[in-house]
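As structure tokens, the structure follows; a few thoughts come after it.
The values are calculated or read from the model by the stated rules, or taken from the named source; none is laboratory data. Note that this is a predicted model, so its numbers are computed, not measured. Cβ sites come from the backbone with ideal geometry, for glycine too, and all protein chains shown count toward neighbours. With ligands, DNA and RNA removed, areas are computed over all heavy atoms of the protein, side chains included. Shrake-Rupley method; radii C 1.70, N 1.55, O 1.52, S 1.80 Å.
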Amino acid sequence: MYNKGPKTFPIGTGGGVRNRLVKLAGGTVVLNTATATDAPIGAIVGMDGDGAEGDFAAVRFLKDDGTQELEAAGAADAGADAYAADQGRVQALPSTAGDYRKIGKFLQAASGAGSLIEVLPYDWHHVETVT
């Protein structure tokens with residue numbers, strides 16, 4: 001079976017939010033975290049309810065052609081690399097020591113937390129280490 005375009009999944013523990021990254025968890029999708037070991041599959045582009053556990057979400061995969069509209073965790077410059085942040089958001093590379101999973105590149109500047117910005121997904125398997 002082959003599916004091009006958004007795919008529907010049940011929402012797991014913690015609920016879901018539109019324009020945020022999700023990962024697989026036991027056949028459901030849950031919000032991705034900033035942990036580099038999390039492997040986001042894509043972002044929620046639509047839901048059949050308010051995003052509660054047990055509702056369904058349409059997920060657009062990171063591997064799909066085109067850009068994604070994602071929610072920023074804070075301010076970021078256009079052209080900066082985008083990394084996974086808590087609660088399925090994206091962020092510029094933090095200065096705090098740690099390992100961060102790259103998501104792509106900010107095509108627009110993010111003015112702060114909650115900004116919806118265009119991100120070009122690429123190299124999302126790369127993990128950047130800040131010492």
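Once you reduce the range 85-131 and the range 29-75 to the center of their Cα atoms, the two points are 14 Å from each other. Equivalent ellipsoid of the range 7-61: semi-axes from √(5λ) of the C-alpha gyration tensor, largest first, are 16, 11, 9 Å. Sequence-distant contacts, meaning Cα pairs under 8 Å at least 6 residues apart, place the relative contact order of the chain at 24 percent. Mean projection of the Cα convex hull over all viewing directions, computed for the range 68-130: 3.6 nm². Among residues other than Leu70 with Cβ under 11 Å from its Cβ, the summed charge is +1 (Lys and Arg +1, Asp and Glu -1). Computed log10 I(q)/I(0) for the chain at 0.11, 0.13, 0.17, 0.21 Å⁻¹: -0.34, -0.47, -0.81, -1.19, from the Debye equation with unit scatterers placed on every C-alpha and solvent omitted. Take Arg20: with every protein chain present and a 1.4 Å probe, its accessible area is about 30 Å².
Measuring against 21 Å, Cα to Cα, the residue pairs Lys23/Lys105; Lys4/Lys63; Lys4/Lys102; Lys7/Lys102 contain Lys4/Lys102; Lys7/Lys102 as the ones spanning a longer distance. Taking amide H as placed 1.01 Å from N in the peptide plane, Lys105 has its amide H under 5 Å from the amide H of Ala82, Leu120, Tyr122, each at least 5 places away in sequence or on another chain.
With a cut-off of 15 Å between beta carbons, the residues surrounding Ile117 carry a summed charge of -1, where Lys and Arg count +1 and Asp and Glu -1.
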